[in-house]
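Colleague: One structure is given below, represented as structure tokens, and several questions about it will come after.
The values are calculated or read from the model by the stated rules, or taken from the named source; none is laboratory data. Quantities reported herein were computed from a predicted structural model and do not represent experimental measurements. Note: ideal-geometry Cβ built from the backbone for every residue, glycine included; neighbour counts use all protein chains shown.
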Amino acid sequence: MHKKLLPLLFLISPETAHKLTLKALRLVPVHWIIKPHHSQRLKINLWERSFPNPIGLAAGFDKNAESLRGLFQLGFGFVEAGTVTIKPQTGNPTPRVFRCPEHKAIINRMGFPNRGVAQFKHNLEKFLGQKPRPHGVLGINIGMNKDQTDPAKDYTSLIRTLAPMADYLTINISSPNTPGLRNLQDKEPLTELLTAILNERKISCGINPPPILVKLAPDLNDRQLKDIANVLMALKIDGVILTNTTLDRPSALPQNFASEKGGLSGAPLADKSTQIIRKFYILTNGTIPIIGVGGISTAQDAYTKICAGASLVQIYSGLVYEGATIVKTIRQELESLLIADGYANLEQAIGSDHKTTNGEAHVKSA
Ligand SMILES: Cc1cc2nc3c(=O)[nH]c(=O)nc-3n(C[C@H](O)[C@H](O)[C@H](O)COP(=O)(O)O)c2cc1C
């Protein structure tokens, strides 16, 4: 996890390295090693939540919400736990995670292994009961069990149980490793599912319901993206996470790595996810806040996504390849990039690629 330990972690299997990292985050007093750094310029308020900085941990890293305290202490402005499903499930057979360090890429076909919502809730209660709770926003990413034939049943049940504990909820319909899941991005099933989800939120949450975000795949064509943007705007969905892993295999990747089945993340995903962010921002006229994710390992990568339209960003593969100090480095350098471009705060930079110098939106075609 620390940059000096990374070569050692790369000697063992990705999943064992991951388990060791999560354990270390529970045992080591991370805040003694990484000192908090606060910047007014990086603060942002969204959905009536206060994000100390825009760098988040993407879903899949802490699937069971077991190391949240240590993860927040790394300096993330927000952490997304999950994907959690109703019932525990083992996921696909191992090995199911593959690294390609030369390309800073990962392929995974995990298939939502997790201990189920009861254990997740127990872990979350323990975290939320700690005083003081670490500064930052907590997202919960929910998905359906592999054997579920009625997706709305799982998603609404998860909302009933977890919504009161979440600062925001992510509806994951874009992991490529659960058969049929990505079909939920089609117009009719999407409308049906999100309508059921919004109804459930209305029933089970009080005056301050958590915002609902939808996480999408990068492998959507323009027609699909337009349909989805229209559905999300019509239903007044609060936000969108762009993107999950890709099924693409750029030709530069070595054949033995590229031939593994699953979703590709890391550097080879960076441009593709930024393009989706750019198009979605244009399609929605910037009205639906975007969390940008895919191949971020430097402040410039994060800034590119912010200027393309992301209000917040997340990282996963970058943490694996750069180590724990990536969060601090990105935060510090992002602040310098904002200053260099004359922005007083992060908000001014969001979607700046689409605006004229006097701040007005100008129409660029997607
Ligand atoms: C090993 C692994 C497991 C993942 N598990 C999940 C998951 O459970 N739910 C989810 O929404 N995304 C999951 N993701 C996708 C990430 O959250 C993220 O969207 C994707 O990796 C792109 O970001 P990156 O290039 O910074 O890794 C996973 C990614 C990896 C590499």
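Colleague: Do you know which residues across region 296-326 are surrounded by fewer than 24 Cβ atoms within 10 Å (Cβ to Cβ), part of a helix (DSSP H, G or I) and at pLDDT below 95?
Modeller: Scanning region 296-326 gives Leu319, Tyr321, Glu322, Ile326.
Conditions tested, residue by residue: (1) assigned to a strand (DSSP E or B); (2) among the hydroxyl-bearing types (Ser, Thr, Tyr).
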| position | (1), (2) |
| --- | --- |
| Ala65 | no, no |
| Glu80 | yes, no |
| Thr83 | yes, yes |
| Phe98 | yes, no |
| Ile107 | yes, no |
| Phe112 | no, no |
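Colleague: So Pro250 passes all but one of these: (1) touching a residue at least 40 places away in the same chain (Cβ under 8 Å); (2) assigned to a loop (DSSP other than H, G, I, E, B). Which condition number does it fail?
Modeller: It fails just one condition, (1).
Colleague: On to the next question. Taking the criterion of being within 29 Å of Phe98 (Cβ to Cβ) and surrounded by 22 or more Cβ atoms within 10 Å (Cβ to Cβ), would at least one residue in region 328-351 satisfy it?
Modeller: Yes, there is a match, as at least one residue in region 328-351 is within 29 Å of Phe98 (Cβ to Cβ) and surrounded by 22 or more Cβ atoms within 10 Å (Cβ to Cβ).
Colleague: Hey, among the residues in region 169-222 that are among the basic types (Lys, Arg) and farther than 26 Å from Thr90 by Cα, which one's nearest to the ligand (Cβ to nearest atom)?
Modeller: Per the stated criteria, the residue is Arg201.
Colleague: As an exercise: evaluate Ile277 against (1) touching a residue at least 40 places away in the same chain (Cβ under 8 Å); (2) away from the ligand (no atom under 12 Å from the Cβ); (3) touching a Lys or Arg at 6+ places or on another chain (Cβ under 9 Å); (4) in a helix (DSSP H, G or I) and give the number of the one condition it does not meet.
Modeller: So the condition that Ile277 fails would be (1).
Colleague: Going through region 138-158 one residue at a time, which ones are within 16 Å of the ligand (Cβ to nearest atom) and either of a type in the set (Gly, Ala, Ser) or within 27 Å of Gly206 (Cβ to Cβ) (or both)?
Modeller: Scanning region 138-158 gives Leu138, Gly139, Ile140, Asn141, Ile142, Gly143, Met144, Pro151, Asp154, Tyr155, Leu158.
Colleague: Working only within region 67-87, note down all residues that are more than 16 Å from the chain's Cα centre (by Cα) and within 14 Å of the ligand (Cβ to nearest atom).
Modeller: Within region 67-87, just Thr85 meets the criteria.
Colleague: If you don't mind, there's one more thing I want to ask. Only one of Thr94, Thr90 is within 15 Å of the ligand (Cβ to nearest atom), free of Cβ contacts under 8 Å to residues at least 40 places away in the same chain and over 13 Å from Pro134 (Cα atoms). Can you tell me which?
Modeller: Just one listed residue meets the conditions, Thr90.
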